[in-house]
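The values are calculated or read from the model by the stated rules, or taken from the named source; none is laboratory data. Please read all numbers here as calculations on a predicted model, not as lab measurements. Counting neighbours? That spans all protein chains shown, and the Cβs are built from the backbone with ideal geometry, glycine included.
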Amino acid sequence: MTNDQEELIEIMNSDPLLVLKIPDLLEAGDWDIDQTIPFLYVKTNQLVRNHPQTDSSSIVGIHPSGFIDRYISGFPNYFPIVLKKSQDYFLIDRQFNLSNGVNLLHYHIFDPNLLSIDDISNYPVSIGGNQFYIVYINDLISATNISSNKIQEPFTVESCNKTCKFECIPDKERKLTTSQLIIDNQNSNALTYIYTSIYRAGSHLILEDNTVFMIITQQSDEFVTKEWERNIIGSFRVEDLFKVEKQFTICYQEYSISENIHALPEINISVDVIDITPVHLNNLVLASDIVENDLLRFASIRIKLDMLVKQNEVLDGNQLLVTEYFQDNVTNYDLFCINIENALGFNSMAIICDF
């Protein structure tokens with residue numbers, strides 16, 4: 001075994017969520033590996049400064065010939081492969097502590113006494129003498145919701161002529177459940193912007209092929225205001241949220257170094273977002289025991305869970321331990337008369353609700 005192989009094994013053992021991948025944006029499939037030698041870009045916790053005297057920073061891409069590309073944002077200049085953490089999986093221990101040091105309960109409210117990691121994962125790994133488990137994010141979130149009875153079927157109303165939908169539902173059956181996740185913006189120009197920036201202006205497109213949605217809700221009436229409820233909706237591939245027509249071409253820029261000729265694979269990408277695609281969700285209960293004049297305060301947040309954390313205070317000082325988050329607007333909804341055709345959310349994500 002060579003030193004390079006030993007080093008790779010050591011890296012993977014210390015961080016088993018590392019993946020090497022072609023960005024979903026490209027759909028490149030097979031390529032001529034003799035001619036198209038890709039750049040390797042590495043996602044790190046800290047961006048690399050372009051120059052000590054400037055504030056700009058970038059991701060460094062390295063070509064086997066020794067050529068360096070500094071990738072800042074938008075579409076990449078060169079055909080890339082990316083070494084990064086998987087955004088589909090958690091690394092978690094039996095007490096539901098994530099590898100970033102934060103307990104899952106800080107992001108997602110559930111009853112940990114009703115669930116065992118053994119019910120979800122068969123992939124134990126040892127890191128620094130501590131036992132962790134590789135868990136698919138959406139499986140874990142679904143299991144926590146089911147075990148805590150947060151997944152319930154909406155009440156079926158066969159015929160109702162009342163102005164308010166809830167008037168046809170018995171008091172104790174009045175609940176608001178989610179059924180779909182959509183991108184809540186019908187403006188075609190805005191959709192293209194949202195897609196190409198992966199929900200964050202100036203983001204590094206080749207590194208962001210998933211987004212983790214979180215919603216925070218607070219139910220209140222004229223007498224009682226409940227605590228904020230935190231719920232991770234799941235990890236979703238950007239490709240699943242849009243209908244997109246894409247084209248890309250590769251051409252080759254030759255240059256000489258030490259009398260050797262190398263071909264750099266320049267890539268040209270064009271994207272046309274033609275529509276949004278609703279994603280089916282389980283029936284997560286957002287509010288229950290609804291009576292007239294009840295309100296729901298709602299915020300949609302996109303978070304990163306794969307990096308070191310810092311404390312951010314959002315929503316009335318409610319603390320959220322994340323490296324980066326993006327918060328949509330917050331508003332109050334009259335739960336009793338909410339229109340079933342409307343969505344909760346703004347701009348970049350929305351929840352479609354049933355009753």
Residues to consider are Ile194, Ile206; find the one that is surrounded by 20 or more Cβ atoms within 10 Å (Cβ to Cβ), part of a helix (DSSP H, G or I), out of contact with any strand residue (DSSP E or B) (no Cβ under 6 Å at 6 or more places or on another chain) and not polar (S, T, N, Q).
Ile194
Out of (1) modelled with pLDDT under 85; (2) over 22 Å from the mean Cα position of the chain (by Cα), what's the single condition that is false for Tyr193?
(2)
Would you mention how many residues in the stretch 263-278 are of a type in the set (Ser, Thr, Tyr) and assigned to a strand (DSSP E or B)?
1
Could you list all residues from the stretch 147-172 that are touching a residue at least 40 places away in the same chain (Cβ under 8 Å) and under 25 Å from the mean Cα position of the chain (by Cα)?
Lys150, Ile151, Gln152
Matching entry among Leu105, Leu176 (being of a type in the set (A, V, I, L, M) and either part of a loop (DSSP other than H, G, I, E, B) or free of Cβ contacts under 8 Å to residues at least 60 places away in the same chain (or both))
Leu105
State yes or no: is Ala263 within 27 Å of Asp32 (Cβ to Cβ) and among the small types (Gly, Ala, Ser)?
yes
Within the stretch 148-190, take every residue that is loosely packed, with under 15 Cβ neighbours inside 10 Å and among the basic types (Lys, Arg) and give me the one that is modelled with the lowest pLDDT.
Lys162
In the stretch 279-291, is there at least one residue being out of contact with any Asp or Glu (no Cβ under 9 Å at 6 or more places or on another chain), assigned to a loop (DSSP other than H, G, I, E, B), at pLDDT below 85 and surrounded by 14 or more Cβ atoms within 10 Å (Cβ to Cβ)?
no
If you go through the stretch 108-135 one residue at a time, how many are within 20 Å of Arg230 (Cα to Cα), assigned to a loop (DSSP other than H, G, I, E, B) and out of contact with any strand residue (DSSP E or B) (no Cβ under 6 Å at 6 or more places or on another chain)?
3
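Of all residues in the stretch 245-273, which are of a type in the set (A, V, I, L, M) and in contact (Cβ under 8 Å) with a residue 40 or more places away in the chain? Steps first, answer last, please.
Applying the first criterion (of a type in the set (A, V, I, L, M)) to the stretch 245-273 yields 250, 257, 261, 263-264, 267, 269, 271, 273.
The answer is Ile250, Ile257, Ala263, Leu264, Ile267, Ile269, Val271, Val273.
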Could you check, for the stretch 92-110, whether at least one of its residues is over 21 Å from Ile215 (Cβ atoms), among the hydroxyl-bearing types (Ser, Thr, Tyr) and over 18 Å from the mean Cα position of the chain (by Cα)?
no
